[in-house]
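Below is one structure; the comments refer to it alone.
Where a number appears in this text, it was derived from the coordinates with a stated rule and is not lab data. Note that this is a predicted model, so its numbers are computed, not measured. Here the Cβ is made from the backbone with ideal geometry for all residues, glycine too, and neighbour counts use every protein chain on show.
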Amino acid sequence: MGGQSEGMSEKVQRVRWGWGLGLRLVVAVGGVMVGGCAGVGENAPLKGVAMPREVTFWQPWLLYTHRAPYRALHVEVDCVEGTEPEGAWLDQVKRFLETQCDKPGGVTVRLDDRIGRGEAAESSSAALALRHIDGPPGGEAFMYVLYYDSGLNRKLKAANPQAIAFPYPCAVFVDRAYNQKGFGDNVGGEVLLHEIGHLVGTARSFNHGDGAHCRKKNCIMNEAFEYHPQRKWVSGKFTPQQEFCEDCLLDLERWRAQVPAAGLRFDGPLLVRREVGYQVYALPHAIHLHAGPAATVKREEVLAFLRAAALGRGGPVDGVTVSGSAVGPEEEVAVGLAAAAMDPAGPVKSAAAALDRQIRKQKAASVPAAGVIPGLIPASPPS
Ligand SMILES: [Zn+2]
Ligand SMILES: [Zn+2]
């Protein structure tokens, strides 16, 4: 904050707030199961739609597949002690991304934090991610992977491995408690590759899948893995699904040639979508709406908002936590909020409405006077 907002104080309204809200819009496109798929999160009202419009309209996967604006890709892997992924799984993912994403600056897959089991016993997976996600060291495109164990926390249910489609289509969560018949250990590499495949946009074409999963039985992007715990001695593998099929690879070829939207960028770990008059910042399971010019808010402030809102009540277990802020000339903020109220993403609309209510409430509470009410809203002369 500092000098900038002070210097602008006569024209600026600064409203700071945050609240936690389970919006029931988590659409986890994961669905790697032994003989079945839970492709869509259980709370999702979008059942039957593999990839919601909230995600497809901005095509965030192009940030990974295209060489611009990011020439390099950084994958951060955090894990709870005892849930460490095998090095071979990470190597396999690195090779896949190097081959299928146009990143001449290279792909880094880095095993980062080892999270204590005590912390994991008290936290949801979303809370762990929000606390430990760091972002890329430089200006790379960014993916986040979390390995955890729902068995450590009595409040959690075992979850199938999943790529988070919304609001942060840049993260994979793998619950190592999901290990029926050794599934998670034996095909851990294939599982991780499948989830990363979601992030980079495989099986998006409806000619060979449902927009998220591939119809081909032997493709690694099929909604279920054919799993043979007893077959390793025959083929050396627990599943025949080792490769992306030709059609899935064609999807990637298409995405490599397509330039991502100009308003879509990473800022540290944040995925930022800049619209006219407002910006949407996303982390795993959390969204922040900022109304007003982009330059009026900093990455650290947004991160603080998101973490405060999402972690304030013990952390989100399900759903999307939303927070909001507004800084700028009053009319600009109003225009931004009106535009955000028509955003394609439901939680952004809700955030716009809530932020608007908050601003009105503060205005009503403030005493009109000449000058500025410190920290709140510029007093407009009574008309
Ligand atoms: Zn899947
Ligand atoms: Zn396929």
*asked:* Between R53 and A121, what is the label-point separation in nm under the 7 Å Cα-to-beta-carbon projection?
replied: 4.7
*Label-point separation (nm) for R131 and E253, each offset 7 Å from Cα along Cα-to-Cβ?*
4.7
*Given H placed 1.01 Å from N in the peptide plane, which residues other than close sequence neighbours of A326 have an amide H under 5 Å from its amide H?*
V15, A291
_Once you order the gyration tensor axes a ≥ b ≥ c over the Cα atoms, which shape class does the stretch 247-329 get: rounded for a/c under 1.5, otherwise prolate or oblate by comparing a/b with b/c?_
oblate
*How big is the charge dipole of the stretch 194-338 about its Cα centre, in debye rounded to the nearest 20, if each Lys and Arg gets +1 on its Cβ and each Asp and Glu gets -1 on its Cβ?*
540
*Can you list the aspartates and glutamates whose alpha carbon sits under 20 Å from that of K237, skipping same-chain ones fewer than 8 residues off?*
E86, D91, D185, E190, E195, E223, E226
*In whole Hz, what ³J(HN,Hα) sequence does the stretch 244-255 give by Karplus (6.51, -1.76, 1.60; θ = phi - 60°), x for Gly and Pro?*
7, 6, 4, 5, 5, 5, 5, 4, 5, 4, 5, 5
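Under unit Cβ charges (Lys, Arg +1; Asp, Glu -1), what dipole magnitude, rounded to 20 debye, does the stretch 28-256 have relative to its Cα centre?
Once rounded to the nearest 20, the dipole reads 400 debye.
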*At 7 Å along the Cα-to-beta-carbon direction for both Q180 and E331, put a label point, then send me their distance in nm to one decimal.*
6.1
*Extension gain K155-E86, at 0.36 nm per residue separation less the Cα-Cα distance, in nm?*
22.1 nm
*When you take every Cα atom in the stretch 28-256, what is the radius of gyration, and what is Dmax, the widest Cα pair distance, in Å?*
16.5, 47
*Using modelled backbone amide H atoms (1.01 Å from N, in-plane), which distant-in-sequence or interchain residues come within less than 5 Å of A286's amide H?*
T321
